[in-house]
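First comes the structure, then the notes that go with it.
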Amino acid sequence: MPIIKCVPGEHDAGLDSGALYREFFGETYYSFDHRGVHFIALDNVTRAKPEVGAQQLAWLQKDLARFPKTAPIVVFTHRPLFDLRPDWEWFTSDGDDVMNVLSAYENLTVLYGHIHRDDEHQTGPVHHYAARSLIFAFPDPSGVAGPRKAVPFDKDHPFKNLGIRTVSFHGKSEPASMPLSIQDVELTAREFQGSNGVHQFLKEPAV
Amino acid sequence: MYRVKQFAPAIIFALGLSTSLLFTGTTRVRAEDVPVIDITAKRFAFSPEKITLKKGQTVKLRLHSQDVTHGFFLRPLKLDEEIPAGQTVEVSVTPQASGTFTTICDHFCGANHGNMNMTIVVE
């Protein structure tokens, strides 16, 4: 039975300081060891603003204190810990404080979400990676001036620019299908293109 | 304590002066001369959607929230305000660079939060 660990995004935990999330998934930040690697989940969403906060930062310093500088460490978080595109809210306001702690480690990788697209970035010795979303994509921020807008939904290629949708455990032939359908993708894409698709759907449930 | 009492009138005068004047770099502007711009935040938009400021001119932004708590974030103008639910906050700003900037709500306010923004043009 695989153990699944989660990290909240702002839509999961931003409105109620993570209360409902904790009820279903547990703590919003935590750490664990697995096969010689130390894993850390950081929460930069439940304070509503894009920040980690002093309390969690102190916890992080304490959590890492027992490890040598060469320890293999993987950090999961939702928003990028560096200034990727602040005017799209693609940043963490106290990300520099977090990176000051993390940058002391030579073999540390950060995996994050939020931006609904691929990205690779390096700050000092730390590598940051983001993967594609399952539901809709945002464009390359370096090529867009002004506000953030989702990549237009293409009905003929509904999964274009999206991430993996099936996962095989231990190489077995039975894939675990992701519970998202084309209807989910289309509705979400409509919402982010301003047609209020999701809101209409909620007001007028399908018969 | 004696010295404090002795200089109290001067201190009070200085405090009064500092509240009636806004210091903007090397120039001083009377508070009553500072233009005020009202901006309303309501899920999931700011109103007006666009304002125009002048480079080097101080303005006061009066930010109102009509529903939940919102943010008002624009790093190039050093704006990072929290607008509590149903309340009004004021912030003075003196733009130092021209350009067109996107201001965002950076306090998560609901499903369409990511599209809550407005434009500030500095001429």
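The values are calculated or read from the model by the stated rules, or taken from the named source; none is laboratory data. For clarity, every value in this text was computed on a predicted model and none was experimentally measured. Glycine also receives a Cβ, built like all others from the backbone with ideal geometry; neighbour counts cover every protein chain displayed. We work out accessible area using only protein heavy atoms, side chains counted, and drop any ligands, DNA or RNA first. Shrake-Rupley method; radii C 1.70, N 1.55, O 1.52, S 1.80 Å.
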Förster radius 25 Å - calculated FRET efficiency between B:Glu49 and B:Ser92 (Cβ-Cβ, nearest 0.05): 0.70
So what J values fall out for the range A:153-163 if you push phi through Karplus, 6.51 cos²θ - 1.76 cosθ + 1.60 with θ = phi - 60°, rounded to Hz, Gly and Pro as x? 6, 10, 4, 6, 9, x, 9, 4, 6, 9, x
With only alpha-carbon atoms in the gyration tensor, what are the semi-axes of the equivalent ellipsoid for the range A:1-89, in Å, largest first? 23, 17, 12
With all protein chains in place and a 1.4 Å probe, A:Lys155 shows an accessible area in Å² (nearest 10) of 140 Å²
What percentages make up the Cα-Cα pair-distance distribution of the range B:32-123 when the bins are 5 Å wide from 0? 3, 15, 27, 28, 16, 8, 3, 0
Trypsin sites (Lys or Arg not before Pro) within the range B:38-123: DSSP coil, no more than 12 neighbouring Cβ in 10 Å: B:Lys55, B:Lys78
Heavy-atom accessible area of A:Glu23 with all protein chains present, probe 1.4 Å, nearest 10 Å²? 140 Å²
Rounded to a whole number, the mean other protein chain Cβ count within 10 angstrom for residues of A:43-52 is 3
Determine ³J(HN,Hα), in whole Hz, for all residues of the range A:41-54 in sequence, where each value follows from phi through the Karplus function 6.51 cos²θ - 1.76 cosθ + 1.60 and θ = phi - 60°; x replaces Gly and Pro. 9, 10, 10, 10, 10, 6, 7, 6, 8, x, 8, 8, x, 5
1/(1 + (r/R0)^6) with r = Cβ-Cβ of B:Lys60 and A:Arg35, R0 = 56 Å, i.e. FRET efficiency to nearest 0.05, evaluates to 0.45
Shielding by partners for A:9-16, please: the mean number of other protein chain Cβ atoms within 10 Å of each residue's Cβ. 3
Segments A:124-131, B:102-109 sorted - mean Cβ within 10 Å per residue, highest first: B:102-109, A:124-131
Distance (nanometres) between label positions extended 7 Å along Cα→Cβ at A:Lys5 and B:Thr100: 4.4 nm
Once amide H atoms are placed 1.01 Å from N in the peptide plane, what residues at a sequence separation of 5 or more from A:His127, or on another chain, have their amide H within under 5 Å of its amide H? A:Leu108, A:Val110
Modelled label reach - B:Ile37, point 7 Å along Cα→Cβ, the range B:76-92 residues with backbone N closer than 19 Å: B:76-83, B:88-92
What's the FRET efficiency of A:Lys160 with A:Leu111 using the Cβ-Cβ distance as r and R₀ = 25 Å, to the nearest 0.05? 0.60
Starting at the first residue of the range A:56-64, write each ³J(HN,Hα) from the Karplus equation 6.51 cos²θ - 1.76 cosθ + 1.60 with θ = phi - 60°, in whole Hz, x for Gly and Pro. 5, 5, 5, 4, 4, 4, 5, 4, 7
Sort A:24-36, A:100-112 for me by packing, meaning the mean count of neighbouring Cβ atoms within 10 Å per residue, highest on top. A:100-112, A:24-36
Peptide-level mean, for B:108-120, of C-beta atoms on other protein chains within 10 Å: 5
